[in-house]
Amino acid sequence: MAFFLAVACVYVVALAVLVLLDASRRRRGGAAGRSGSPQTQGLKLPPGSLGLPYLGETLQLYSQNPNIFFAARLKRYGEVFKTHVLGCPCVVLASPEAARMVLVSRAHLFRPTYPPSKERMIGPQALFFHQGDYHLRMRRAVQGWLGPDALRALVPDVEAAVASTLRWWEGRETSTFHTMKRLTFDVGVVTIFGRRVAEHVKEELRRNYFIVENGYNSFPIPVVPWTRYSQAIKARQRLGAILSGILSERRALGDLGDDLLGTLMRYRDDGGTALSDDQVADNVLGVLFAAQDTTASVLTWILKYLHDNPKLLEAVKAEQMAVYEENDGGRLPLTWAQTRTMPITNLVILESLRLASIITFAFREAVEDVDYEGFLIPKGWKVMPLFRNIHHSPEFFQDPQKFDPSRFMVAPKPGTFLPFGSGVHACPGNDLAKLEMVVLVHRLVTNYRWQVIGSSDDVTYSPFPVPKRGLRARLLRATTAGAAEDYGRRAPAAAA
Ligand code: HEM
């Protein structure tokens, strides 16, 4: 009891200190325009509310669908407004021009920013925590391994991972999202470690990775051993040890491997310096992390959108059956060239990326006072370009809430379609993600049908938006033409 009282007292005192600090920072923030550089003197902060002391508007953002939070403020204040979430004052920017300014044209004025607890969890040397020379060098190394040559060689591995996931799913009723996470984890592992990881090592990687992921968004209370955060930190240490074992084994064999890990191990900068083992490990986990839930969420949405649009599903199926026949009834493997020439499937992927907009916004911090269109973005404030609002704006996408892949037959206006971000931190894994989508759709519609269980219209945020309960569905083999035709006749969200 005494222990809990002590914890409660510490909590109240800490909160009081934070409120005082916050009040003082607000006072300074309010004055930043007046005391900042001559260029920004006299500028006003954007309109908006900083909400309650310390809490700001965090509860409003996290207690409801974030679309409602942003839409209400956009309507009230316009495309540039201020708010205060997760202990930080922020400027939200919702136009393509503003997103371009933050991510591309004046990207040097905005650095990536993450809570220290999250950096610790992934590993502080992962490329996306950095800006400048180290970031560019790591990015080049990672991008090199995710380019067309490497991906061409990966097609059979992605196909094998998709086939194995669908075999596992067959006959089961389960969460589509969790099934897709199995797939994206397997693809992540084969991309990073090639085919060389022993099954038991892969299982250990998987077990510990998911403990880390589970603690990633939890409240960071490091001193209490049974919290999800503390468990995740321990799992991260075990992952470090597993990776260190893999590095030693490769060095002992004198074969660093033809995969992302080998690329990072062979890496030398202009002065001939190699990466430290920690740098390699943090980047490996960083890529695995960046590749996982993002791709799994979009794959889940694609299944939902296809399920809800039976005519479209028929068209996709016809396109994929033609490839299936070309490949001797699925006996020959998919080729890289085939994965790049599936026009209807590609339109479905683009429209799913737009409508699902699983990355709602990017998060940056101003490294100096910035003047944007006469508004002050004070040094140290967070900046959030809102991808989702651009993707859902009727100004750029007619009838934006409608799932209509044909809209992408005409290229969107430059700067209005940013599912993979833009500029120096744009996603280097976009082609791998699209490859996974194409291969999954191919296997799925040529071999299976799926039944969505219950309603699929509500959305949960985990943290990416996914249909409620991960889209419960059952996978069935489409063994006959009759079963395959059944696709078009099912009512949306039919119970099994
Ligand atoms: C549909 C799936 C995916 C989506 C929607 C997505 C989206 C994004 C976005 C929006 C960013 C930029 C974030 C920012 O500017 O702050 C990003 C960065 C990144 N993504 Fe992806 N991503 C996906 C899949 C992948 C995959 C499969 C990989 C790796 C195999 C990957 C690796 C990365 C990395 C390493 C970064 C950081 C880049 C940097 O900071 O330079 N992503 N992703």
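Against the conditions (1) more than 25 Å from residue 139 (Cβ to Cβ); (2) surrounded by fewer than 17 Cβ atoms within 10 Å (Cβ to Cβ), residue 405 satisfies every one except (2). Condition test on residue 210, is it out of contact with any Cys (no Cβ under 8 Å at 6 or more places or on another chain) and within 16 Å of the ligand (Cβ to nearest atom)? Considered against the rule, which asks whether it is out of contact with any Cys (no Cβ under 8 Å at 6 or more places or on another chain) and within 16 Å of the ligand (Cβ to nearest atom), residue 210 comes out as no. Among the residues of region 88-129, those identified as within 11 Å of the ligand (Cβ to nearest atom), within 26 Å of residue 54 (Cα to Cα) and modelled with pLDDT of 95 or more are 102, 110, 111, 112, 129. State whether the residues of region 138-153 include one that is closer than 30 Å to residue 86 by Cα and in the same structural domain as residue 295 (by TED's automatic domain parsing). Yes: one or more hits.
Can you tell me which residue within region 53-62, out of those that are under 19 Å from residue 386 (Cα atoms) and of a type in the set (Ser, Thr, Tyr), is nearest to the chain's Cα centre (by Cα)? Going through the qualifying residues, I end up with 62.
With a requirement of 1 or more residues that are within 10 Å of the ligand (Cβ to nearest atom) and out of contact with any Cys (no Cβ under 7 Å at 6 or more places or on another chain), the strands (runs of 3 or more DSSP E) lying completely within region 335-444 that satisfy it span 364-366, 382-385.
Consider region 451-469 and keep the residues that are surrounded by 21 or more Cβ atoms within 10 Å (Cβ to Cβ) and more than 16 Å from the ligand (Cβ to nearest atom). The one that is modelled with the lowest pLDDT is 456. With respect to the stated conditions, residue 268 is over 30 Å from residue 351 (Cβ atoms), over 26 Å from the mean Cα position of the chain (by Cα) and of a type in the set (D, E, K, R). Of all residues in region 213-232, those that are aromatic (Phe, Trp, Tyr) have Cβ atoms under 6 Å from Cβ atoms of residues that are outside any loop (DSSP other than H, G, I, E, B), 6 or more apart or on another chain, in 216/121; 229/215. Annotation: of all residues in region 180-207 being part of a loop (DSSP other than H, G, I, E, B) and in contact with a helix residue (DSSP H, G or I) (Cβ under 9 Å, 6 or more places away or on another chain), the one that is nearest to the ligand (Cβ to nearest atom) is 194.
For region 92-117, residues that are of a type in the set (Lys, Arg), more than 19 Å from the chain's Cα centre (by Cα) and within 18 Å of residue 378 (Cα to Cα) total 1.
The values are calculated or read from the model by the stated rules, or taken from the named source; none is laboratory data. The structure presented is a predicted model; accordingly, all values stated were derived computationally and were not measured. Neighbour counts run over all protein chains shown; Cβ positions are idealised from the backbone, glycine included.
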